[in-house]
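J.: One structure coming up, written as structure tokens, with questions to follow.
The values are calculated or read from the model by the stated rules, or taken from the named source; none is laboratory data. Computed from a predicted structure; not experimentally measured. Heads up, the Cβs are rebuilt from the backbone with ideal geometry, glycines too, and the neighbour counts pull from every protein chain shown. For accessibility, only protein heavy atoms count, side chains too; no ligands or nucleic acids. Shrake-Rupley method; radii C 1.70, N 1.55, O 1.52, S 1.80 Å.
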Amino acid sequence: MKLPRPLLLLLGLAGAGTALGQASAFDPDPARGPREGSTWHFIKSNRDGSKPWSLVMHVVAPQQIEVIKSSGSTSYVEVHALVDLERALPTHLQQWNLRCGERQPTNTVLVRPMPEGGTQFELRPAGGAPRHFAAGPAAHVWGFDLGAFALIAPRLRHRAAFQLGLVDLNQPDGSGGFKQAPLRFVPVETETLGAQPALRYRLESPLFDGKQGDVWLSPEGELLKAEHELLTSRDWRDWKLERVRSEHLPRAEWERFKLDLQRRTARAQLEMPGCQGTPPVTPAIRP
């Protein structure tokens, strides 16, 4: 069984609990995290650099991040994520896709901590029936291009190895859920990316089935680069994420940035067969 492709874009890596993840590795103090308005520009591609897309992350608040992914022509995806800083896990995610010039909601994901220590996932695909399944205390999904992880990584209390939980929606477990396993971040060495020092972590999990990948963080814990042989979206055969620049955007400027990108993409989409006569792109809204 395969889930709709938009659903696989939604979730990011984060962790909580003690059995599969370590929320204690992260400082929940709102002042510890990235500054509100921090905006990070990345290129998302295959590991060999083919099929490059623009990916932009924007910190709305200590507990909220927004991510935009665009092909630069006719594809636009936007995801908003709310994060529980005490548990270091995303709890509410909403995705929109631009289709024939209209910004349409496609999926909603809710993650609820359970009294016994696990989590309850609710997946609400647009136009489809909700799906529920139980998972472990740190059961988070391989995807969302590390958006939620980018929000909590600057909160790391140390640079030693740490462990999160992982669920892969591409690997059903045969009982209505999905395969789960620990995900370890193991520090390997300090490198230089351009002029930026970076600590490289090797990603290790039984779910990777021998496939390898790494994450690079700045001394402040900011995400600089990531790549892995195991795809997170079927749009790519594997994946690589490289940060190209960062800036600070006040909320109003960020909304203008999104709307301008939506309008440019909408104009290109309205030239596509089957999209003529569709109304122009709708304004951005908050979840």
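J.: Does THR74 qualify as being of a type in the set (S, T, N, Q) and more than 15 Å from ARG264 (Cβ to Cβ)?
T.: Taking the combined requirement at face value, the residue does not satisfy it.
J.: Can you name every residue in the stretch 73-91 that is over 15 Å from GLY143 (Cβ atoms), modelled with pLDDT under 90 and either touching a Leu at 6+ places or on another chain (Cβ under 7 Å) or open to solvent by less than 10 Å² (accessible area, probe 1.4 Å) (or both)?
T.: Passing the criteria: ALA88, THR91.
J.: Would you pick out the residues in the stretch 24-59 that are open to solvent by less than 40 Å² (accessible area, probe 1.4 Å), closer than 19 Å to SER75 by Cβ and of a type in the set (A, V, I, L, M)?
T.: Hits for the stretch 24-59 are LEU55, VAL56, MET57.
J.: Continuing with the same structure: Condition test on ALA266, is it within 21 Å of the chain's Cα centre (by Cα), outside any loop (DSSP other than H, G, I, E, B) and crowded, with 20+ Cβ neighbours inside 10 Å? Spell out the reasoning first.
T.: Working: within 21 Å of the chain's Cα centre (by Cα): no; outside any loop (DSSP other than H, G, I, E, B): yes; crowded, with 20+ Cβ neighbours inside 10 Å: yes.
Spelling it out, it is not the case that ALA266 is within 21 Å of the chain's Cα centre (by Cα), outside any loop (DSSP other than H, G, I, E, B) and crowded, with 20+ Cβ neighbours inside 10 Å.
J.: Anything in the stretch 73-87 that is assigned to a strand (DSSP E or B), among the hydrophobic types (A, V, I, L, M, F, W, C) and in contact with a Pro (Cβ under 9 Å, 6 or more places away or on another chain)? List them, or say none.
T.: VAL77, ALA81, LEU82, VAL83
J.: So, in the stretch 215-248, exactly how many residues are open to solvent by 20 Å² or more (accessible area, probe 1.4 Å) and touching a His at 6+ places or on another chain (Cβ under 9 Å)?
T.: Selection size over the stretch 215-248: 7.
J.: So TRP96 ticks every box in (1) open to solvent by less than 40 Å² (accessible area, probe 1.4 Å); (2) in contact (Cβ under 8 Å) with a residue 24 or more places away in the chain but one. Which box is left unticked?
T.: (2)
J.: Hey, SER246 hits all of (1) modelled with pLDDT under 95; (2) part of a strand (DSSP E or B) but one; which does it fall short on?
T.: Among (1) modelled with pLDDT under 95; (2) part of a strand (DSSP E or B), the lone unmet condition for SER246 is (1).
J.: Could you please find all residues in the stretch 157-195 being over 20 Å from the mean Cα position of the chain (by Cα), assigned to a strand (DSSP E or B) and polar (S, T, N, Q)?
T.: Once the filter is applied, which keeps residues that are over 20 Å from the mean Cα position of the chain (by Cα), assigned to a strand (DSSP E or B) and polar (S, T, N, Q), the stretch 157-195 yields THR190, THR192.
J.: What is the one condition in (1) free of Cβ contacts under 8 Å to residues at least 40 places away in the same chain; (2) within 22 Å of MET57 (Cβ to Cβ) that ARG131 does not satisfy?
T.: Unmet for ARG131, out of (1) free of Cβ contacts under 8 Å to residues at least 40 places away in the same chain; (2) within 22 Å of MET57 (Cβ to Cβ): (2).
J.: Please go through the stretch 105-128 and pick out each residue that is at pLDDT 85 or above, over 26 Å from ASP27 (Cα atoms) and open to solvent by 60 Å² or more (accessible area, probe 1.4 Å).
T.: Selection gives PRO105, ARG124, ALA126.
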